[in-house]
Amino acid sequence: MQRVIYSVASSLDGYHTDDRGDYSWAVPDEEVIAALNADAGAVSTYLYGRRMYEAMAVWESDPAVAAQSPESAAFATTWQAARKVVFSAGLPEVWTRHTRLERELTAEAIERARAEATGDLTIEGPTLAGGALRLGLIDVIELLICPVIVGAGTKVLPDGLRTALSLKGERRFGNGMVQVTYDVQKPVGA
C-alpha cells in the first residue's frame with residue numbers, strides 16, 4: 001500500500017516558519033536537493049494546503065525557478081508530472097496540471113488519493129499534516145532539520161499529539177542539515 005509521508009523542513013526547535021512567516025533559513029543546497037530528488041522518485045502524489053500549494057506551484061508556473069540549477073530542473077520535472085491534491089475551503093481554483101481541489105481534509109479524501117496513487121504520497125505543510133496526523137493517516141514523518149533556532153512561529157507538529165515513532169533512517173548533509181525519517185506506529189485497529 002502507498003505510504004503517506006509527512007515531509008517537512010524544521011528548525012532545531014521545531015518550527016516550519018518563524019514568527020514572521022519566513023522560512024528562508026530552510027532553503028536546501030544542491031546536495032540536499034539531490035537527496036530530496038532521489039526520495040521523490042517513489043512519490044506520485046503531493047497533498048497540499050492552500051499556502052503550500054501556492055508556494056510550490058512556481059515549479060510549474062515560473063521557469064526561472066527550475067533554471068536555478070540542474071537539481072532544481074530535475075525537481076521541477078518530477079513535480080510537474082506528479083498528481084497534486086489541494087485541500088482548501090477558500091481557494092477558488094487550482095492552476096497547475098494534474099491537480100485536484102478538495103474543499104475539506106477528510107479520511108475519505110486522503111484514502112481516495114492513496115487509492116489513486118501509483119507511488120507514495122507526501123503531505124506538506126504543518127497545518128494540513130497536523131490534521132492528517134490527528135486522523136491517524138500519516139505513515140512516515142520525514143524531518144529535514146535545519147541548523148537554526150528561530151524561537152517561535154508555526155510548529156512542525158501539533159500540540160497535544162502523542163504518537164510512538166520508530167527510527168527508519170537518518171542522513172547528514174555538508175550544510176549542517178540532518179534528515180531523520182520515522183515510521184509512525186499506529187495503535188491496533190487504526
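What follows draws every value from the coordinates through simple rules; no lab data is involved. Please read these numbers as outputs of a predicted model, since none were measured by experiment. Neighbour counts run over all protein chains shown; Cβ positions are idealised from the backbone, glycine included.
Sort 157-164, 88-95 by packing, meaning the average of other beta carbons within 10 Å per residue, with the highest value first.
88-95, 157-164
Ranking request for peptides 31-37, 122-128: highest mean number of other beta-carbon atoms within 10 Å first, then the rest in descending order.
Per-residue Cβ counts within 10 Å, averaged per peptide and sorted highest first, yield 122-128, 31-37.
Can you list the lysines whose alpha carbon is less than 25 Å from that of LYS84, not counting same-chain residues fewer than 8 positions off?
Candidates past the 8-residue exclusion: LYS155.
What residues qualify as long-range amide H neighbours of LEU101, i.e. H under 5 Å apart, gap of 5 or more or another chain, H built at 1.01 Å from N?
So LEU101 has HN proximity to VAL86.
Using Cα pairs under 8 angstrom and six or more residues apart, how large is the relative contact order of the chain, in percent?
Over the chain, the number comes to 34 percent.
Within the stretch 75-97, find all residues whose amide N lies under 15 Å from a label point positioned 7 Å from the Cα of GLU30 along Cα-to-beta-carbon.
Answer for the stretch 75-97: 75.
Given an 8 Å cut-off on Cα distances and at least 6 residues of separation, report the relative contact order of the stretch 117-190 as a percent.
Relative contact order for the stretch 117-190 comes out at 35 percent.
Divide by every residue of the chain the summed helix terms, -39500 (n - 2.57) for each DSSP H run of at least 4, and state the resulting mean residue ellipticity at 222 nm, rounded to the nearest 500 deg cm²/dmol.
-8000 deg cm²/dmol
Towards the positive end of the charge dipole of the stretch 4-184, with charges on Cβ (+1 Lys, Arg; -1 Asp, Glu), say which of LEU121, THR77, SER10 has the farthest Cα.
Projecting each Cα onto the dipole axis, the largest value belongs to LEU121.
Using alpha carbon centroids, what distance separates the stretch 159-178 and the stretch 56-75, in Å?
After rounding, the separation between the Cα centres reads 27 Å.
Give the percent of DSSP beta bridges with both residues in the chain that are antiparallel, rounded to the nearest 5.
So the antiparallel bridges amount to about 40 percent of the total.
By the gyration tensor of its Cα atoms, with a ≥ b ≥ c the square roots of the eigenvalues, what is the shape of the chain: rounded for a/c under 1.5, prolate for a/b over b/c, or oblate?
Rounded, since a/c falls under 1.5.
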